[in-house]
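The structure under discussion appears below in the form of structure tokens.
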Amino acid sequence: MQEGRTLSTREINRDLLRSILESPRWFWPVVTVLGIILLVAAIAIGIMVNRGLGVTGLNRPVAWGFFITNFVFWIGISHAGVMLSAILRLAKAEWRRPATRAAEVLTLFSLMTAMIMPIVHTGRPWRILYWVFPYDFARGIWPNIRTPLVWDPSAILTYLTSSTLFVIIALIPDFAVLRDHTTGVAHRVYTLLAMGWEGNARQWKLQITAGVLLSALILPVFVSVHSIVSWDFGMAVAVKTWHSTVFAPYFVVGAVHSGVSAVAFVLILLRWCYGWQDYIRHEHIDALGRLLIVVATGWFYFLIMELLFGMYGREADELAVRGLQFTQWPYNAWFIVFVVTTYFIPVILWLSRAWRRNLWIMSIACISVNIGMWLERFLIIVPGLVNKQVFSFTWADYAPSPFEIIIVGATFALVTMLMLLFSRVFPLVPLYDVKEGDILKTEVKVGRRTVPATFRED
Amino acid sequence: MVTSRAKHKWGMVVDLDRCNGCQACVVACQAENNLPINDKNAFLQSRAYEWIRIERYWEGEYPNVRARFIPVLCQHCENAPCEPVCPVFATYHSAEGLNVQLYNRCVGTRYCINNCPYQVRFFNYWHPNWPERLENQLNPDVTVRTRGITEKCTFCIQRLRRAELQVERRGGGTLNNETLKSGNYMPSCVQACPTNALMFGDQQDEQSPIKPYFDDVNKHNIHHEHERETRGYRLLEEMNTKPNLIYLKKVDKNPVKGGQHG
């Protein structure tokens, strides 16, 4: 884009392929540590499958807990990819360019991670085939299409497929660069992946058409995925505060909020890890911060609406759950932390231009959002179940067991590790997109100053 | 095998004015349906199995205090919230009005548990264990459920199947659609109830003692509750789950003021 110096193609190739062609000293130790965490989690899952879900903190009536919270959280993170690459592409926001690949890849990996959660959450995870795939598997029984639990995998797998296509199409020109920079086995693999890319006019035209088409086609999927996830709760007639019609837009906006924050944090990390100061510049993080103010405020509106819709009816049961959320320890404390970390801390930090350009402050704001959004899901799911319903004669509070904490913690390690491994094989900042941005950049005259245009008008 | 199935519509009437809270139905159910022993740990973990439970409510302050009992079991709703949310049809509605749970299909998503307003579905968090000698008393007609699946009251469907077989055998090997009457089959809780607070029968059988209650409650829906001639009502009738259970309770003219749960 604009503020940094213009780089030559050779420099762009050298810098952005550095993560692939050279191995940083910290890389393998970090991957080993993450691997150990994943191993511990795999053992925990093994014990849980072997002994039964009794090892979790779940009980009656709290049948859903940390796993489902984490599932919704990762689905939320996955909404960053489309937001940044598809919507901003269609809106011709130039500053999106270095952020797109990281956002799309984060989408892929967080979706994959999210899909693990409902599987380990079920009592008999080895039977997962029977409800995830719409096929009768010689049993003569097809999945029940009336349940959101069948809509979920359909929506998520559609989203996963289209996001993968999106990533691959954007990667093809970069594969070709990699093909030309490698030898041996790697060269042969990249040759295969580049699919004969020569960079001629026809291929570029096809690539751009495919990208724009996919951007437009992916939008309905983007809206539907988290809407459908929200209907897991919205469809539950028996649980007060879950049975709400505002959940679909509320969840989608919340997902964009947490997802874009996560991408901003990943970009800051990448800049720091691989020394990409010339590519992921302060102006990009700044623009993400400005976008996030709007998203966060939209989300805050829906939060207020959700509370308002819930309490407007003045139903005793609904008010009881709200009372639990607002006044009862520890939910009241978590609720305050949730609202402050999701909205007030980050938005106050983002309002200042100097703070948006301070990477430390930006990191704090983005992590804060994600802590808050995790709590949001927890505070939606658990209080509704913990609350005494009319006929829950024995009821109990919920506290996660070490098994749940380990497995939930390991999902963060999993996404980090997948991102790191990806960055060693494929460029996490799109080479061709950065070059294209350099060619297409325009400047606008404002008074006597010439400033770079943030949006392209052609 | 038996072709008479769709001819019945089973239902239960619980007379709360007769229930004295003796818990005989709870014990009978526990024994009949191979429920795991609810030991101290089960209650401490809040994971006890109570396919039928006696809810007890206290009214008034000591010494002017009164206990109320409500036996709560699966309501076998015609419009059951648990049924549409199961992805694998582990729970569905049978033609005879039973809400059936198929243990073999269940994958354990626990969505049905969340979606049951009566809280009568139970998840097997652990593999069930009995003391060694007690394993000999397990009912051979009933599956022992494994860990990771949901279970609930079945209206003792094993007794229904046995009754069908007996009727068939008595008919000399031929099917006789007429002979399987309400009296041939009753769940174990109904059989154990000493005060006849639980009544079971076929809603379509003219001679069945439960039929008048069902007719009355079905005729006057919740919006015309005051027009009902019997004491009948349904639990959470406003949720429109249409249970196949009816509760009878005479409205107390002189209720004791102040109440407490538990």
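The values are calculated or read from the model by the stated rules, or taken from the named source; none is laboratory data. Given the structure is predicted, the values throughout are model-derived calculations rather than measurements. No Cβ is skipped: glycine too gets one built from the backbone with ideal geometry, and neighbour counts run over all protein chains shown. Please note that ligands, DNA and RNA were not included when accessible areas were found on the heavy atoms of the full protein model with its side chains. Shrake-Rupley method; radii C 1.70, N 1.55, O 1.52, S 1.80 Å.
A few notes on this one:
- Look at (1) more than 14 Å from chain A (Cβ to nearest Cβ); (2) open to solvent by 40 Å² or more (accessible area, probe 1.4 Å); (3) in a loop (DSSP other than H, G, I, E, B) and you find that B:His127 fails only one, number (1).
- All conditions but one from (1) open to solvent by less than 10 Å² (accessible area, probe 1.4 Å); (2) farther than 30 Å from A:Ala320 by Cα; (3) small (Gly, Ala, Ser) apply to A:Ser230; the one that does not is (2).
- Meets criteria (within 14 Å of chain B (Cβ to nearest Cβ) and open to solvent by 40 Å² or more (accessible area, probe 1.4 Å)) for A:Ala354: no
- Residue pairs meeting the criteria (Cβ under 8 Å; at least 6 apart or on separate chains; first at the interface with another protein chain (Cβ under 7 Å from one of its Cβ atoms) and closer than 21 Å to A:Asn70 by Cα, in the stretch A:381-395; second open to solvent by 10 Å² or more (accessible area, probe 1.4 Å) and at pLDDT 80 or above): A:Leu385/A:Tyr398
- When A:Trp95, A:Trp126, A:Trp131 are checked against the criterion of being within 30 Å of A:Trp276 (Cβ to Cβ), in a helix (DSSP H, G or I) and at pLDDT below 95, a single residue qualifies: A:Trp95.
- In this structure, A:Ala155 does not satisfy being more than 14 Å from chain B (Cβ to nearest Cβ) and under 24 Å from the mean Cα position of the chain (by Cα).
- The stretch A:416-444: number of residues that are open to solvent by less than 10 Å² (accessible area, probe 1.4 Å), touching a Leu at 6+ places or on another chain (Cβ under 9 Å) and assigned to a helix (DSSP H, G or I): 2
- Only one entry in A:Pro383, A:Pro330, A:Pro346 is open to solvent by less than 50 Å² (accessible area, probe 1.4 Å) and closer than 29 Å to A:Leu269 by Cα, namely A:Pro346.
- Residue check for A:Asp174: buried (at least 20 other Cβ atoms within 10 Å of the Cβ), within 14 Å of chain B (Cβ to nearest Cβ) and touching a residue at least 60 places away in the same chain (Cβ under 8 Å): no
- Which listed residue, of A:Leu165, A:Leu157, is closer than 17 Å to A:Thr209 by Cα and either free of Cβ contacts under 8 Å to residues at least 12 places away in the same chain or of a type outside the set (Phe, Trp, Tyr) (or both): A:Leu165
- The stretch B:35-49: number of residues that are within 17 Å of B:Leu138 (Cβ to Cβ) and of a type in the set (A, V, I, L, M): 2
- Residue check, A:Ala399 part of a helix (DSSP H, G or I), more than 22 Å from the chain's Cα centre (by Cα), within 14 Å of chain B (Cβ to nearest Cβ) and at pLDDT below 95: no
- The residue list A:Val256, A:Val321, A:Val260 contains one member that is more than 20 Å from A:Ala365 (Cα to Cα) and crowded, with 23+ Cβ neighbours inside 10 Å, which is A:Val321.
- So B:Pro84, is it free of Cβ contacts under 8 Å to residues at least 24 places away in the same chain and over 21 Å from B:Cys189 (Cα atoms): yes
- Pick from the stretch A:77-94, criterion in contact with a Phe, Trp or Tyr (Cβ under 9 Å, 6 or more places away or on another chain) and open to solvent by 20 Å² or more (accessible area, probe 1.4 Å), ranking: nearest to the other protein chains (Cβ to nearest Cβ): A:Met83
- Which numbered condition B:Asn240 misses (of (1) more than 14 Å from chain A (Cβ to nearest Cβ); (2) surrounded by fewer than 17 Cβ atoms within 10 Å (Cβ to Cβ); (3) within 29 Å of A:Gln389 (Cβ to Cβ); (4) among the polar types (S, T, N, Q)): (1)
- No other residue among A:Leu21, A:Leu16 is open to solvent by 10 Å² or more (accessible area, probe 1.4 Å) and away from chain B (no Cβ under 14 Å) apart from A:Leu21.
- Enumerated strands (runs of 3 or more DSSP E) restricted to the stretch B:7-109, each holding at least 1 residues that are open to solvent by less than 20 Å² (accessible area, probe 1.4 Å) and within 10 Å of chain A (Cβ to nearest Cβ): B:52-59, B:66-73, B:91-93
- Residue count for the stretch A:182-226 under the criterion of being touching a residue at least 40 places away in the same chain (Cβ under 8 Å) and over 26 Å from the mean Cα position of the chain (by Cα): the result is 1.
- Applying the criterion of being open to solvent by 10 Å² or more (accessible area, probe 1.4 Å) and more than 7 Å from every other protein chain (Cβ to nearest Cβ) to the residues of the stretch A:53-67, the residue that is nearest to A:Gly384 (Cα to Cα) is A:Phe66.
- Cβ pairs under 6 Å, 6+ apart, first in the stretch A:121-135 and more than 8 Å from chain B (Cβ to nearest Cβ), second open to solvent by less than 30 Å² (accessible area, probe 1.4 Å) and modelled with pLDDT of 90 or more: A:Val132/A:Pro153
- Search result, residues across the stretch B:142-172 that are within 14 Å of chain A (Cβ to nearest Cβ) and polar (S, T, N, Q): B:Thr146, B:Thr150
- Hey, A:Ala216 loosely packed, with under 14 Cβ neighbours inside 10 Å and touching a Leu at 6+ places or on another chain (Cβ under 9 Å) or not: yes
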